[in-house]
Amino acid sequence: MKKVLLGNDAVVQGALEAGVDFVSGYPGCPSAEIGDNLGKIAKEKGIYAEWSTNEKTGLEAAIGASFSGLKSLVNMKSFGINVCADSLLPLAYTGTKAPMVIFVGDDPSCHSSAQSEQDSRGYAYLFQIPVLDPSDPQECLDFTKLGFEISEKFNIPVILRSTTRVAHQRMPVEFAEVKNKTKKIGEFIKNPRQFSTMPPRTMEMKKELLEKLEKIRDFAEKNKINKIIGKKNNKFGIIASGISYLHVLDALETMGLDIPVLKLGFFYPLPEKLISSFIKGKKKILVAEEMNPYLEKEITRLAKDSKVEIHGKDLLPEVGELNADKIVFALSKILKIKTKLLKIENFKLKIPRRTARLCEGCPYWYIFPTLKRMAPDAIFTGDIGCNMIAGFSPHNMQDTLFSMGASIGIAHGVSKSTKQKTVAMMGDGTFFHSGIAGLINAVYNKSSPLMVILDNRITAMTGHQANPGMGKTLIKEETEELEIEGIARSCGVKHIKVLDPINIKEFEETIREFLNKEEISLIVCKRICALLAKRQKADRHDQ
Amino acid sequence: MTNKNFNIIINGVGGQGIITLLTLIAEAAFVEGLDVKSSELHGLSQRGGSVGTHLRFGKKIYSPLVPIGKADLIISMEMLEALRETEKSGKNTKFLINEYTSPFQGTLSKEEIKKQLGAEKNEMHIVPASEICKEKLGKEVVSGIYLLGWASAKNLIPIKKESFLQAIKNSIPEKYLELNIKAFNLAYDV
Ligand SMILES: Cc1ncc(C[n+]2csc(CCOP(=O)(O)OP(=O)(O)O)c2C)c(N)n1
């Protein structure tokens, strides 16, 4: 069967076809549709699915599932892998029991990321676990299944690394119908020798991992997801992976060229023999990859004994996503072909830029101006979420922006280092994700920032996912509704006020009062996201 | 459908139903047995920011992104976003534009945008889709579907009307189906 599928929905389908039992993860762009959509069908498909509180707890949940014999899928955006790295390293050592695929969505060009243009492929060298790099939705489906297969065969977690232009690409995809099943009950069979890292076992495990890798390298060498297409005997060749492969094919078609292309589906481990044989006899190679020159470095190493000239980041940008035009440019340089290329950089950008802004009725419209008015000289440390729109006009009041939870962490540092007033602004989702640790650090170390939690009753920016403050789980079950102020109180915060920011007077007075405190204080601004309120109203109307 | 691939860019601002429009055209191309690829953006760029999506169909499609200057049709749900795209359009690029602006601090006035659009040599269709949908159907959200109907009626996309209608039936949830078909057909009536 065939239908038009979004890359991320193809991952969902691939996971279903592979018989996934357990899904965990944390939303972000471009990965959230995976958890959202598996959550919707979890019950009928006999799957357990959750939004975890962050990527680390998400990975750890999957580790427990894997050790209990359940097939698991963990999903996250690029930055998520930083958060779960601490547990992923030991998992590479212990290995998995039942197979596990970890989806990581990178975002070249930062279309929906603030913090950095992270190339998560680099983690392959640190974790030493397989990384697959699909180009299109069909490969998203096929590589997900292959990931489970590799994981099962070698007892190792496999990273499926996607990017925005793959995850949010649509095309007709060949898929198989998956029957509903009943939920599998696993069994944890004790095996501390395998599941616990502790020297001297740790060193042995590292050795086991390296041995596994050699076997996986052989597997990769023979696997058809690394393939050569186009005319065989040519002095020039292209090596490409991920979305860049599609841009290469497009560029070749535009230029009417028939040049051999080695397409790498495996980013790690690399099929080194295949690459060496491809390079052999060639005069020039273009490595087409987005962001960091990881492949280029590896290929340069493999080519060091031959006279082949390796091109890559000398002609293609290391910053920002690639496209067919950029490949045409590189090819014309290497082959010394004249092409008429419209370069967008040459246009004078005469049209006013539209930046992200708060929705109509957004509760933050009440929060930002009031804070700015009451604390004009304060240092405002910002956080990740819709609330980072505080950095744009007309608010212009975000003095730092780093990573989820960092607003309170940095505010504490500023507060300790200066006599200035500091205000940390953080969303409710972020508070549960990683804000609590920073709050405890600030209290413990006797810091005095004012923390403002923008509690819009949902994780909004990433598309309205449930969080622990809502009393609902991903699969719409009722659960404990955690109270931010209660948590803060038990963390030792003495000055706490929960209010609706629409009550400007009360909000103003509280800010004034709290800014004069010698101790840390907290205002929880509780008011529902305007879009969520609208949706809830529509839902009630429908019923 | 000729051998040549057909390239569409659909843009506007977040929340204008751009992705629905994109999926409908992709589905219609699929219904006709063509190869199709699209690329869309979610997340931050949707919060009132510019949203630019790409769609290509034909015999065989590789990259989902339309190269600069190679769009056959640009559908803009918002006028300033249409103007933004003129910089990257080719001389054969046609424009189908919703006569609607979503203003922000520092933007150009509607008159200025209209003037600048008027100075372009490309074929342009500026249609008050939002206004018509609000007036005739009481729902602005289907303006994109109305524009799709317009594109179909004026043969701006080499896909049959029946394929579009089939795509709407395949993709739109039951309870909104009637409204969407109405919006599509409404463009044929003018
Ligand atoms: C480690 C990590 N995981 C996920 C994301 C993606 N992300 C961006 S904004 C956001 C939601 C923040 O929600 P909340 O704090 O409730 O703020 P709101 O959007 O509601 O203002 C998430 C999860 C990220 N940036 N970093």
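The values are calculated or read from the model by the stated rules, or taken from the named source; none is laboratory data. All figures in this text were calculated on a predicted structure; none of them were measured in a lab. Note: ideal-geometry Cβ built from the backbone for every residue, glycine included; neighbour counts use all protein chains shown. Note: accessible area is taken over every heavy atom of the protein model, side chains too, but ligands, DNA and RNA are not part of it. Shrake-Rupley method; radii C 1.70, N 1.55, O 1.52, S 1.80 Å.
Please count how many residues of the range A:56-88 are open to solvent by 10 Å² or more (accessible area, probe 1.4 Å), within 16 Å of the ligand (Cβ to nearest atom) and closer than 17 Å to A:Gly35 by Cα.
So the answer is 6.
So which strands (runs of 3 or more DSSP E) stay within the range B:1-74 end to end and still have 2 or more residues that are at pLDDT below 95?
Once the strands (runs of 3 or more DSSP E) in the range B:1-74 are filtered for at least 2 residues that are at pLDDT below 95, what remains is B:6-13, B:50-58.
Taking helices (runs of 4 or more DSSP H) that fall entirely within the range A:167-284, which contain at least 1 residues that are open to solvent by 10 Å² or more (accessible area, probe 1.4 Å), within 25 Å of A:Met76 (Cα to Cα) and aromatic (Phe, Trp, Tyr)?
A:192-195, A:242-255
What number of residues within the range A:424-457 satisfy the criterion of being without any contact (Cβ under 8 Å) to a residue 60 or more places away in the chain and in contact with a Ser or Thr (Cβ under 9 Å, 6 or more places away or on another chain)?
The qualifying residues number 10.
Which members of the range B:12-23 meet the condition of being more than 10 Å from chain A (Cβ to nearest Cβ) and buried (at least 22 other Cβ atoms within 10 Å of the Cβ)?
Those that are more than 10 Å from chain A (Cβ to nearest Cβ) and buried (at least 22 other Cβ atoms within 10 Å of the Cβ): B:Gly12, B:Gln16, B:Ile18, B:Leu21.
Could you tell me how many of the residues in the range B:155-190 are assigned to a helix (DSSP H, G or I) and over 21 Å from B:Leu96 (Cα atoms)?
Total satisfying the criteria: 10.
I'm trying to understand the selection: among the residues of the range A:393-422, which are within 16 Å of the ligand (Cβ to nearest atom), more than 21 Å from A:His464 (Cβ to Cβ) and not small (Gly, Ala, Ser)?
Of everything in the range A:393-422, those that are within 16 Å of the ligand (Cβ to nearest atom), more than 21 Å from A:His464 (Cβ to Cβ) and not small (Gly, Ala, Ser) turn out to be A:His395, A:Met397, A:Gln398, A:Thr400, A:Leu401, A:Phe402, A:Ile408, A:Ile410.
Filter the range A:499-518 for residues that are closer than 16 Å to A:Ile453 by Cα and without any contact (Cβ under 8 Å) to a residue 60 or more places away in the chain and give the result.
A:Leu499, A:Asp500, A:Asn503, A:Glu506, A:Thr510
For the range B:69-88, how many residues meet the condition of being more than 10 Å from chain A (Cβ to nearest Cβ), open to solvent by 10 Å² or more (accessible area, probe 1.4 Å) and under 30 Å from A:Ser393 (Cα atoms)?
So the count comes out to 0.
Residue by residue through the range A:453-471, note down the ones that are open to solvent by 30 Å² or more (accessible area, probe 1.4 Å) and either basic (Lys, Arg) or within 6 Å of the ligand (Cβ to nearest atom) (or both).
A:Arg457, A:Thr462
Report yes if some residue within the range A:106-127 is closer than 23 Å to B:His54 by Cβ, buried (at least 24 other Cβ atoms within 10 Å of the Cβ) and modelled with pLDDT of 95 or more; otherwise report no.
Within the range A:106-127, one or more residues are closer than 23 Å to B:His54 by Cβ, buried (at least 24 other Cβ atoms within 10 Å of the Cβ) and modelled with pLDDT of 95 or more.
Can you name every residue in the range A:353-404 that is polar (S, T, N, Q), assigned to a helix (DSSP H, G or I) and within 14 Å of chain B (Cβ to nearest Cβ)?
Result: A:Asn387, single match.
Of all the residues that make up the range A:13-47, how many are open to solvent by 10 Å² or more (accessible area, probe 1.4 Å), assigned to a helix (DSSP H, G or I) and under 27 Å from B:Ala29 (Cβ atoms)?
Qualifying residue count for the region: 8.
Taking the conditions exactly as written (more than 16 Å from the ligand (Cβ to nearest atom), buried (at least 24 other Cβ atoms within 10 Å of the Cβ) and within 24 Å of A:Gln13 (Cβ to Cβ)), does A:Ile102 satisfy them or not?
For A:Ile102, the condition - more than 16 Å from the ligand (Cβ to nearest atom), buried (at least 24 other Cβ atoms within 10 Å of the Cβ) and within 24 Å of A:Gln13 (Cβ to Cβ) - is not met.
Might you let me know whether the range A:474-494 holds any residue that is closer than 17 Å to A:Ile367 by Cα, away from chain B (no Cβ under 14 Å) and more than 28 Å from the chain's Cα centre (by Cα)?
Checked against the condition, which is being closer than 17 Å to A:Ile367 by Cα, away from chain B (no Cβ under 14 Å) and more than 28 Å from the chain's Cα centre (by Cα), the range A:474-494 yields no hits at all.
Within the range A:366-379, how many residues turn out to be within 16 Å of the ligand (Cβ to nearest atom) and either open to solvent by 10 Å² or more (accessible area, probe 1.4 Å) or β-branched (Val, Ile, Thr) (or both)? So that I can check it myself, show each step before the final result.
Of all residues in the range A:366-379, those within 16 Å of the ligand (Cβ to nearest atom) come to A:366-368, A:371.
Still in the list and also either open to solvent by 10 Å² or more (accessible area, probe 1.4 Å) or β-branched (Val, Ile, Thr) (or both): A:366-367.
Adding up the residues that qualify gives 2.
Look at A:Met397 and say whether it is modelled with pLDDT of 95 or more and either open to solvent by 10 Å² or more (accessible area, probe 1.4 Å) or outside the structural domain of A:Val524 (by TED's automatic domain parsing) (or both).
No.
Tell me the residue from B:Leu156, B:Leu179, B:Leu165 that is within 20 Å of B:Glu99 (Cβ to Cβ) and open to solvent by less than 90 Å² (accessible area, probe 1.4 Å), please.
B:Leu156
Of the residues that make up the range A:49-63, is at least one touching a Pro at 6+ places or on another chain (Cβ under 7 Å) and within 14 Å of chain B (Cβ to nearest Cβ)? Before you say what the answer is, go through the steps one by one.
Taking the range A:49-63 as the starting set, the residues that turn out to be touching a Pro at 6+ places or on another chain (Cβ under 7 Å) are A:51, A:53.
Filter once more, keeping what is within 14 Å of chain B (Cβ to nearest Cβ): none.
Looking for residues that are touching a Pro at 6+ places or on another chain (Cβ under 7 Å) and within 14 Å of chain B (Cβ to nearest Cβ), one finds none in the range A:49-63, hence no.
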